[in-house]
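Data first, discussion second: the structure below is written as C-alpha cells.
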Amino acid sequence: MHKKQQEKRTDPRAKKCPFCDKEVKYIDWKDYPTMKPFVDYFGNIMKRYYTGICLKHQKMLKTSVERARFMGMLSYRK
Ligand SMILES: [Zn+2]
C-alpha cells in the first residue's frame, strides 16, 4: 500500500542569488537597471523569499535602494 516517494520535492521558487552568480561586491545606487527587477510596482523591495537573493546581497540592495530613493531615482511609494 505505502509506496515511498522517491521524487525530490524541489521548490520552484528556489533560485540562486543573481548577484552571487556575477560575484557582485557592491551594488551602486546609480545602477538603476540592476535594482529595478527587485523593486515592485509600488516601490517596495521584493522579499528574499521570492527573488532568491542571499542575505548579504539583500542588505546591500536595501542600502542602495534607500540611497536611490533619497536621491530621487526610485520612488518611496506609488
Ligand atoms: Zn548573493
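Overview of results
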read-out: Net length gained if the chain between Lys56 and Lys78 were fully extended (0.36 nm per residue, minus Cα distance); value: 5.2 nm
read-out: Amide H within-cut-off set for Val39, under 5 Å, with H built and near neighbours excluded; value: Met46
read-out: In sequence order, calculated HN-Hα J values of segment 22-27 (Karplus, 6.51, -1.76, 1.60; Hz; x Gly/Pro); value: 8, 6, 6, 9, 8, 9
read-out: Residues Met71 and Tyr49, FRET efficiency given R0 of 22 Å [Cβ-Cβ distance, rounded to 0.05]; value: 0.20
read-out: Principal axis dimensions, segment 18-70 - Cα atoms, whole angstrom, descending; value: 26, 22, 17
read-out: Derived scalar couplings ³J(HN,Hα) [segment 43-58; Karplus, 6.51 cos²θ - 1.76 cosθ + 1.60; whole Hz; x for Gly, Pro]; value: x, 7, 6, 5, 6, 4, 4, 8, 8, x, 6, 6, 4, 4, 6, 5
read-out: Stretch gain in nm, segment Lys16-Lys36, where the contour uses 0.36 nm per residue and the Cα spacing is subtracted; value: 5.4 nm
read-out: Other-chain or far-sequence residues with amide H under 5 Å of Leu74's (modelled H); value: Arg69
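We did not get these values from a lab; they are worked out from the coordinates using the rules stated. These numbers were taken from a predicted model, which means no experiment stands behind them. Every residue, glycine as well, gets a Cβ built from its backbone with ideal geometry; the counts of neighbours run over all protein chains shown.
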